[in-house]
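Here is the structure we will look at.
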Amino acid sequence: RTSLSIGLIPADGIGREVIPAARRVIEAVIPNKVRLEFVDLAAGFELFTKTGVALPEETIRVCRDGGVDGALFGSVSSPSHKVAGYASPIVALRKKLDLYANVRPVVSVSPNSNIDMVIVRENTECLVCRIFSFTSLRAKAMFIKYIKSESIENNADGTRTAYATRKISETASRRIATMAFNIALARGAARPSNSPLPLVTVVHKSNVLSITDGLFREVCHDVWNTGKDGEFKKLARMDEQLVDSMVYRLFREPHKFDVCVAPNLYGDIISDGAAALVGSLGVVASTNVGDNFCVGEPVHGSAPDIAGKGISNPIAAVRSAGMLLSYLGFNEEASKIDIAVNKVLLGDKNLLTPDLGGHGKTDGVTNAIIKLL
Ligand code: NAD
Ligand code: K
Ligand code: MN
């Protein structure tokens, strides 16, 4: 590549602190001969409160129609109560761009811990979805029934009952499982030849949710057994874990996990949990990946408790930028970022931000990373 164009979508809260930090790191690492351009793109809850739109068409269009090569998303402040007309712009963006996988590496750099796992989270369905279904009434006319993922009913006794619908499709399960096994094969190839085969753990709860999670599990087994002309079965191992005992094992023996693949909501929950094992949500990065586009995104949210204080940890966003660069073919630059970040994490503790026990600031950590590049 001789040019590189990256869309920046800081959105809300500390997204506005960590995305500019990530931008500075990209500027520092990309060689001068590459024409580098950033495009500011709007989204967020604050934007919604001002304009009534959380994810402008323009932001979708620029990402979808080749206006940028990739994008970085910060974090959005989605309120916990229902706000009429509002839906999370990151959830919408993932769907609009069909970014079906959320790839979340969870890695410890501390010498007395050896956690090195990737959580591959399905990104388009599960409980976080809207469903269109076609029903035929008296076999005569077709009606389109629009089921929202959640609904609420008023009961005769004046109380309410809320429902959620969960969608697990064979297509989405197959492509996420395929992505997980491909990641496993790439990890296996990067290890010494006498290492055990990479392991993919399928997370589900099909002992109870035998139809939805049962389908997810069945498809994962099938992908392992038959995928890539038998390569998956030959070059990777597979096991499975019920999501509740997954959490238990994750806390007790996190070093035993390699690649984990999970439906949307389980993947979200276990990756926040896994973040606690490597020090802070402020260091865990992700990419939202589809077949044509990638959006780097720190796993954390907008952190209203620390927003505006200049103490948010930029490392998750910086690592997300590194993952995006790697997706775009800048592997050398991505590994430079990795090395610099790890050095900073292992360096003077005081320089680090308070979430990691330090007294440092966003800028200080970013400067330290840039100095090492
Ligand atoms: P959060 O991730 O924002 O914060 C959880 C805790 O981790 C807080 O104590 C926070 O201070 C800390 N933390 C997170 N990132 C940090 C960083 N970079 N440096 C230092 N500390 C950090 O989760 P929350 O508090 O549950 O949610 C806050 C808001 O974020 C909510 O409105 C939620 O909807 C939203 N959210 C958005 C996303 C997203 O944009 N994809 C993801 C999760 C939550
Ligand atoms: K985020
Ligand atoms: Mn989350």
Inset, instruction - Using only the alpha carbons of segment 194-294, determine the length spanned along each of the three principal axes and report them from longest to shortest in whole angstroms. - result: 40, 35, 34
Inset, instruction - Take the Cα gyration tensor of the chain, multiply each eigenvalue by 5, square-root it, and list the three semi-axes largest first, rounded to whole angstrom. - result: 33, 27, 21
Inset, instruction - Could you check what % of the DSSP bridge pairs in the chain are antiparallel, to the nearest 5? - result: 50
Inset, instruction - Kindly identify segment 302-348 as rounded, prolate or oblate by the Cα gyration tensor criterion: order the square roots of the eigenvalues as a ≥ b ≥ c, call it rounded if a/c is under 1.5, otherwise compare a/b with b/c, prolate if a/b is larger, else oblate. - result: oblate
Inset, instruction - Report, in whole Å, the centroid distance computed from the Cα atoms of segment 1-22 and segment 288-346. - result: 10
Legend entry - Interchain or long-range residues, amide H under 5 Å from Cys260's placed H: Val118, Ile119, Val120, Thr201
Legend entry - For segment 217-373: Kirkwood Rh in Å [reciprocal of mean 1/r, alpha carbons]: 17.6
Inset, instruction - For a quick protection proxy, order the peptides 311-318, 74-81, 191-198 by their average other-Cβ count within 10 Å, most packed first. - result: 311-318, 74-81, 191-198
Inset, instruction - Just tell me which lysines come within less than 16 Å, Cα to Cα, of Lys361; anything on the same chain fewer than 8 places away is out. - result: Lys309, Lys349, Lys371
Legend entry - Loop chymotrypsin sites (Phe, Trp or Tyr not before Pro), segment 1-84 (other Cβ atoms within 10 Å of the site Cβ: 11 or fewer; DSSP): none
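Every read-out reported here was derived from the displayed coordinates using simple, explicitly stated rules and does not represent laboratory data. What you see is a predicted model; the values in this text were computed from it and never measured. So basically every Cβ, Gly included, is an ideal-geometry build from the backbone, and we count neighbours across all protein chains shown.
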